[in-house]
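A short write-up of the structure that comes next.
The values are calculated or read from the model by the stated rules, or taken from the named source; none is laboratory data. Computed from a prediction, not measured in an experiment: that's the story for all the values here. Positions of Cβ are generated from backbone atoms using ideal geometry, with glycine treated the same way; all protein chains shown enter the neighbour counts.
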Amino acid sequence: MSETTFDIPPNLAKKLRTARHVAVLTGAGVSAESGIPTFRDAQTGLWAKYDPQELATPQAFQQNPRLVWDWYAWRRELVARAAPNPAHIALAELERHVPQYTLITQNVDGLHQQAGSRNVVELHGNIARTKCFVEDVVVEHWDETSDIPPRCPHCGGPLRPDVVWFGERLPEAALLAAQDAARHCDMFFSIGTSGVVEPAASLPFMALKQGATVVIVNPESKPSPGPTLYGLNGPAGTVLPALLRAAWQ
Ligand code: BJW
């Protein structure tokens, strides 16, 4: 685990040590230090001319299925080469310290599970899975032909990644589990997310409203704006290992 230092407020370390139910919401910033680009930070490279948000819609897929399939194929490659970073590892370790723990992620890369987190609530699906655009069922095997995207072996419809695009419903069980955790936790961490995409963006407010302490971990956050709202201004791969050391060493 990284030994880079970060000053954790002592009262926050104590709150974490004594918390009964901790809920964590993660976003793309948690995987940035694994080399996976975020959505709303500056884009570079091959896809610089495309707005990722404009590719993550059913309409984009209908208009240009090949472009969207290729974009996800490129991202799937990036994810396949990526490894969990100290932030993922610290969050897996946190699960072993607190009595009740819910890890909610907007990420589709599976890196929390790779780091050893067990109960991961995936709000936006998983890029490793593929489903039929027409039938909305997961497909595991298909014929590799020259078709891009490949065709569903059952109905011939185009295949797409099993992720949640704008305007699509989140998986109901995942959303209910996330909202339940936000309402019942005593500490809620929002880590590496810009907090602009609903319904995930409402979860920290739900927790705050129910009296939980909310901690935001983001290089762009403001430091400690209030007694039940903390901003830890730094990269998750530095802040989270420091938080665990402050609470349990
Ligand atoms: C670091 C760091 C480091 C950098 N350490 N930090 C209510 C109000 C307004 C709008 C809506 C609403 N309800 C619904 C909507 C519409 C829409 C929405 O929210 N739009 C807003 C943009 C305005 N929501 C939806 O459409 C959702 N569906 C829905 O609500 O359906 C309802 C419905 C009802 C009935 C019928 C039908 C539907 C679906 C949203 C799906 C989002 N999908 C995507 C793509 C997933 C697949 C993929 O990966 O391609 O999810 S979009 C994209 O944004 C992706 C992300 O999960 C999501 C959030 O992004 P995230 O993770 O926050 O990343 P960034 O880049 O924004 O931020 C990174 C942060 O990290 C930054 O702050 C950095 O500073 C920080 N950072 N390095 C820590 N080292």
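Here's the yes/no breakdown for (1) within 15 Å of the ligand (Cβ to nearest atom); (2) more than 13 Å from residue 104 (Cβ to Cβ); (3) not assigned by TED's automatic domain parsing to the domain that holds residue 18:
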{"site": "119", "(1), (2), (3)": "no, no, no"}
{"site": "134", "(1), (2), (3)": "no, yes, yes"}
{"site": "140", "(1), (2), (3)": "no, yes, yes"}
{"site": "145", "(1), (2), (3)": "no, yes, yes"}
{"site": "148", "(1), (2), (3)": "no, yes, yes"}
{"site": "156", "(1), (2), (3)": "no, yes, yes"}
{"site": "183", "(1), (2), (3)": "no, no, no"}
{"site": "186", "(1), (2), (3)": "no, yes, no"}
If we scan region 7-29, do we find a residue that is in the same structural domain as residue 246 (by TED's automatic domain parsing), within 11 Å of the ligand (Cβ to nearest atom), in a helix (DSSP H, G or I) and touching a residue at least 60 places away in the same chain (Cβ under 8 Å)? yes
Is there a residue in region 58-77 that is on the phi < 0 side of the Ramachandran plot, within 13 Å of the ligand (Cβ to nearest atom) and not in a helix (DSSP H, G or I)? no
Need the failing condition index for residue 41 against (1) near the ligand (Cβ under 8 Å from one of its atoms); (2) surrounded by 14 or more Cβ atoms within 10 Å (Cβ to Cβ); (3) modelled with pLDDT under 95, just the number. (2)
Please state which one of 87, 92, 73, 128 is free of Cβ contacts under 8 Å to residues at least 12 places away in the same chain and of a type in the set (A, V, I, L, M). 73
Subset tally (residues that are farther than 22 Å from residue 39 by Cβ and assigned to a helix (DSSP H, G or I)) for region 145-181: 7
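Every residue, every condition in (1) within 28 Å of residue 200 (Cα to Cα); (2) of a type in the set (S, T, N, Q); (3) touching a helix residue (DSSP H, G or I) at 6+ places or on another chain (Cβ under 9 Å), yes or no:
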residue: 118; (1), (2), (3): yes, no, yes
residue: 123; (1), (2), (3): yes, no, yes
residue: 150; (1), (2), (3): no, no, yes
residue: 153; (1), (2), (3): no, no, no
residue: 160; (1), (2), (3): yes, no, yes
residue: 169; (1), (2), (3): yes, no, yes
residue: 174; (1), (2), (3): yes, no, no
Mind checking which pairs have a first residue in region 177-196 that is more than 19 Å from residue 112 (Cα to Cα) and a second that is more than 16 Å from the ligand (Cβ to nearest atom) and charged (D, E, K, R), Cβ under 7 Å, 6 or more apart or different chains? 186/20; 187/15
Taking the conditions exactly as written (within 16 Å of the ligand (Cβ to nearest atom), without any contact (Cβ under 8 Å) to a residue 40 or more places away in the chain and either among the hydrophobic types (A, V, I, L, M, F, W, C) or surrounded by 14 or more Cβ atoms within 10 Å (Cβ to Cβ) (or both)), does residue 170 satisfy them or not? no
Please determine, by comparing only the residues of region 207-249 that are under 15 Å from residue 182 (Cα atoms) and surrounded by 21 or more Cβ atoms within 10 Å (Cβ to Cβ), which one is nearest to the ligand (Cβ to nearest atom). 216
Check on residue 204, of a type outside the set (Val, Ile, Thr) and in a loop (DSSP other than H, G, I, E, B): no
If the Cβ limit is 8 Å and pairs must be 6+ apart or interchain, which residue in region 136-153 that is farther than 17 Å from residue 73 by Cβ pairs with which residue that is surrounded by fewer than 11 Cβ atoms within 10 Å (Cβ to Cβ)? 153/141; 153/143
